[in-house]
1. Largest first, how would Val24, Val155, Val168 line up by accessible area (1.4 Å probe)?
2. Taking the Cα of Ala2, stepping 7 Å toward and past its beta carbon, and measuring to each backbone N in the stretch 28-55: which are under 12 Å?
3. Using a 1.4 Å probe and ignoring any ligands, DNA or RNA, find the accessible area of Asp93 and quote it in Å² to the nearest 10.
4. I'd like to compare 120-131, 6-17: which one has the highest average count of other Cβ atoms within 10 Å, and what's the full order after that?
5. In whole angstrom, note down how far apart the Cα centers of the stretch 1-21 and the stretch 114-180 are.
6. Please work out how much length the chain gains when fully extended from Asn27 to Asp171, using 0.36 nm per residue of separation minus the C-alpha to C-alpha distance, in nm with one decimal.
7. For the stretch 17-178, with only Lys/Arg (+1) and Asp/Glu (-1) charged at the beta-carbon, what is the dipole magnitude about the Cα centre, in debye rounded to 20?
8. Run the numbers for Glu84 and Arg130: contour at 0.36 nm per residue of separation, minus the present Cα-Cα distance, in nm.
Amino acid sequence: MANTTVRGAVAIHGQNPQYLVESVIRNRIYESSYWKEHCFALTAETLIDKAIELKAIGGVYGNQKPTEFLCLLLKLLQIQPEKEILLEYLQADEFKYLRALAAMYIRMTFRPAEVYEILEPLLKDYRKLRYRGMNGYSIIHMDEFVDSLLVEERVCDLILPRITKRDVLEDLGELGPRKSRLLDAMEGKSEHGSDRSRSRSRSTDRSGSSRSPSREHSRSRSGSPSRGRSLSRGSKSPSSPGSRYVSRSRSRSRSSAGSVYRSRSRSISPDRVNGSAPGSPARFRSRSRSISPDRMDTA
């Protein structure tokens, strides 16, 4: 008959595979029009076309009507395809509802260790799925759906078979420790950051070693000319009598009586003040704070 399990089917959890769906929901699926029109005489190959046409996942909606997702799930339990075919369903990345259907079937029929090994890689899939329930449509993601299969007891209005916890399987040695993508990413960032800090420290050490000789060389070069100039300026001694000496400093100068003194300070020459001849002894009046030696002699 159309509702019987295929011959030679293996019992799952000690019972008929179709009995994994509750009797009330199973009878509603048998009475639905989708089951009668589209699920008749389906095989593992022709079921792919129906799964690709799915628009949502879910359990029952409205007046306890089963979704198309539940109808195809019951058909998989009825024909019981091989494990290799189900793994091919999972590898079809472009058909997300086919992948969700295969994940639901694997959770209900496979051994606990195999369920964790096969479904945990699907936690990397973040695509959106439409979920149809009693409250209408909602949006979930593939990783949320897979996590609910591994953690929760009821998914899509179906009671899932009990599954052994992962830590128990790890203690028994059937599973290895779980690899978290978040921890791997954090370790990768820390290693990358340490490499950057090492490269920065190396670059600073190299730059410091290359800068130090140049600084010493520049200091040695900059120090010698300035000292030479200061010594050359300071080596100018007072001129002999009769020479013309131009002073750039504000220091007191001791000139002889016969020398002609030129100063850049604001001073009044004795010729302009007394109107005397240029050869007469000069009485020099200066507005600067310096005192000329001639004035000291006349005083």
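The values are calculated or read from the model by the stated rules, or taken from the named source; none is laboratory data. From a predicted model like this one, the values you see are computed outputs, not experimental measurements. Here the Cβ is made from the backbone with ideal geometry for all residues, glycine too, and neighbour counts use every protein chain on show. Side chains are part of the model used for accessible areas, which takes the heavy atoms of the whole protein and leaves out ligands, DNA and RNA. Shrake-Rupley method; radii C 1.70, N 1.55, O 1.52, S 1.80 Å.
1. Val24, Val168, Val155
2. 30-42
3. 80
4. 120-131, 6-17
5. 23
6. Gain on stretching Asn27 to Asp171: 47.7 nm.
7. Approximately 600 debye in magnitude.
8. Going from the current span to full extension adds 13.8 nm.
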